[in-house]
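To start, the structure under review is shown below, and the notes come after it.
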Amino acid sequence: MDAVWRIIGSDGLERASLREVADEAGLAVGSVRHYFASSDELHRYAFTSVVDRILHRLSRAEDDVESHEPGSLAHYDAVLTLLGEFLPLDEERALDACVWLAFKNAARVKPALAAEADRSHRSVAAVVGRVINGLLPERSSGDRLVVDAEHLLAVLDGLCMHALLQPEWMSAAICREVLESHLAGIRARSTG
């Protein structure tokens with residue numbers, strides 16, 4: 001999978017064929033074909049693998065959020081750390097974000113990737129919904145929770161895209177500042 005992800009990260013999903021992956025991994029193409037009959041099969045598996053990798057990081061970060069008293073500074077910092085897991089703030093997260101976005105975009109036109117795109121969106125949206133719910137327990141249900149969660153998802157997607165495309169401008173510090181500002185706005189609306 002590392003070879004698939006490296007190819008997608010540097011040259012795009014279109015180049016991640018069985019032959020190119022075998023070359024990148026230093027294997028014979030027959031070795032790759034032993035596990036994957038087609039590039040589509042390889043892509044589905046790679047998409048599932050990167051989603052699982054991201055969700056694992058989010059789960060660890062969510063456990064940390066839950067270990068702190070809601071409303072405390074430690075809880076708020078843990079929430080910001082969790083939200084940072086969505087962003088390409090280091091080499092590993094940058095590659096994961098690039099690969100994830102490439103697959104999600106490809107799922108628009110490749111039905112074989114649609115189920116995984118849906119699973120990844122639902123899983124990420126659930127995490128973000130729980131974050132909003134933890135910050136604003138009075139919004140535990142209803143349309144406002146959905147709107148706040150989708151708004152935060154849109155902010156995260158935008159930050160992710162900007163940080164991938166303009167890493168020299170969109171630093172980790174600016175990403176954190178934008179997230180803090182967004183969360184402050186959510187909190188202000190809940191009390192106002």
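Descriptive notes on the structure:
- Cα-based shape type of the range 1-43, given that a ≥ b ≥ c are square roots of the gyration tensor eigenvalues and the cut on a/c is 1.5: oblate
- Kyte-Doolittle mean at least 0.0 and Cα axial length at least 24 Å: DSSP H helices in the chain: 111-135, 143-165, 172-191
- At q = 0.08 Å⁻¹ the log10 of I(q)/I(0) for the range 44-191 amounts to -0.22, computed by Debye summation with a single uniform scatterer per C-alpha, solvent ignored.
- Relative to its residue count, the range 5-102 spans a Cα convex hull of 97 Å³ per residue.
- Student exercise, the chain dipole from Lys, Arg, Asp, Glu Cβ charges, in Debye to nearest 20: 500
- Whether the range 149-192 is rounded, prolate or oblate, judged on the alpha carbon gyration tensor where a/c under 1.5 counts as rounded: oblate
- Take each peptide in 146-152, 172-178, count the other Cβ atoms within 10 Å of every residue, and average; sorted highest first, the result is 146-152, 172-178.
- Nearest-0.05 FRET efficiency for residue 150 and residue 28, computed from C-beta distance (R0 41 Å): 0.35
Quick note: the coordinates plus some simple rules give every number you see, no bench work behind them. Note that the coordinates shown come from a computational prediction; the quantities given were computed from them, not determined experimentally. Virtual Cβ from ideal backbone geometry, glycine too; neighbours counted across all protein chains shown.
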